[in-house]
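Visitor: Shown below is the structure under consideration.
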Amino acid sequence: MSNVIKLPLKAKSKPDFLNSEKTKAEAKAYIAKGTTKAKTANIPAQKKKIAEKIKEAQKLKSRLGSPGELARCRAIVGGDMMGAALLYRMAYLYRTINPKLERNGKKYLALTRDELAMSAGGLTEHEMNKRALPRVRKYASHIVDIQAMGNGKDKKLWFIVDIEAYAEALNDAGYELVVHANEGIDLFALK
């Protein structure tokens with residue numbers, strides 16, 4: 001036989017240094033080293049792409065359900081569809097037609113009432129003179145400056161559209177329409 005001394009087997013127990021509070025705290029810190037807290041977490045690149053795709057889909061969905069420019073014009077002019085068509089068309093023409101006419105240091109567009117009525121969705125003379133034009137003058141005077149100039153057949157409506165005020169009014173009207181729609185209230189029934 002060999003000269004090896006065999007000791008009796010004891011039950012295995014943890015060494016004393018593993019039971020100390022300091023060792024336990026160090027072990028917890030080591031385990032937590034690979035994890036992060038929610039506020040400082042870094043999202044993996046692939047998950048960021050997926051999140052961006054989801055956000056884009058939500059934006060598209062909200063744009064499809066949001067009121068269009070004509071509906072916002074209707075809210076600006078107090079709920080009148082004819083006034084909305086006139087305001088919408090005046091803003092479109094002012095943005096797209098160049099060069100404009102200059103008078104008194106301001107840039108105008110000039111159209112006869114009939115031309116403007118036909119351009120704004122085929123309004124009749126009565127609709128133009130009794131409903132649409134008074135509504136635009138009353139509710140959108142901060143956006144559109146309209147002056148009648150000339151005599152007889154040469155009489156035209158000269159107008160200036162403040163594009164910045166128009167855009168701001170559209171944003172405000174759009175917000176109102178969405179809030180009323182979310183609350184189940186028809187904005188145009190309130191007028």
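The values are calculated or read from the model by the stated rules, or taken from the named source; none is laboratory data. Values in this document were obtained by computation on a predicted structure and should not be read as measured data. For neighbour counting, all protein chains shown are included, and Cβ atoms are generated from backbone atoms with ideal geometry for every residue, glycine included. Just so you know, the surface numbers come from the protein's heavy atoms only, side chains and all, with ligands and any DNA or RNA stripped out. Shrake-Rupley method; radii C 1.70, N 1.55, O 1.52, S 1.80 Å.
Visitor: Could you list, in sequence order, all residues of segment 96-114 that are in a strand (DSSP E or B) and surrounded by fewer than 14 Cβ atoms within 10 Å (Cβ to Cβ)?
Guide: Leu101, Glu102, Arg103, Lys106, Lys107
Visitor: Looking only at residues that are open to solvent by less than 70 Å² (accessible area, probe 1.4 Å) and not hydrophobic (A, V, I, L, M, F, W, C) in segment 159-174, which one is modelled with the highest pLDDT?
Guide: Taking the candidates together, the pick is Tyr166.
Visitor: Look through segment 115-158, keep the residues that are open to solvent by less than 60 Å² (accessible area, probe 1.4 Å) and over 16 Å from Ala84 (Cα atoms), and return whichever of them is modelled with the lowest pLDDT.
Guide: Gly150
Visitor: In segment 154-177, what count of residues is obtained for those that are in contact (Cβ under 8 Å) with a residue 40 or more places away in the chain and of a type outside the set (A, V, I, L, M)?
Guide: Total meeting the criteria: 7.
Visitor: Also, I was wondering about something else. State all residues of segment 100-135 that are among the hydroxyl-bearing types (Ser, Thr, Tyr) and touching a residue at least 40 places away in the same chain (Cβ under 8 Å); if no residue qualifies, say none.
Guide: Tyr108, Thr112
Visitor: Between Lys39, Lys12, which is basic (Lys, Arg), at pLDDT below 70 and part of a helix (DSSP H, G or I)?
Guide: Being basic (Lys, Arg), at pLDDT below 70 and part of a helix (DSSP H, G or I) holds for just one of Lys39, Lys12, which is Lys39.
Visitor: Can you list residue pairs whose Cβ atoms sit under 6 Å apart, with the first residue in segment 136-153 being under 16 Å from Leu70 (Cβ atoms) and the second being among the hydroxyl-bearing types (Ser, Thr, Tyr) and open to solvent by less than 100 Å² (accessible area, probe 1.4 Å)? Count only pairs 6 or more apart in sequence or on different chains.
Guide: That search, which allows pairs on different chains as well, returns Ile143/Tyr166.
Visitor: Follow-up. Yes or no: Leu86 open to solvent by less than 80 Å² (accessible area, probe 1.4 Å), under 30 Å from the mean Cα position of the chain (by Cα) and at pLDDT 90 or above?
Guide: Taking the combined requirement at face value, the residue satisfies it.
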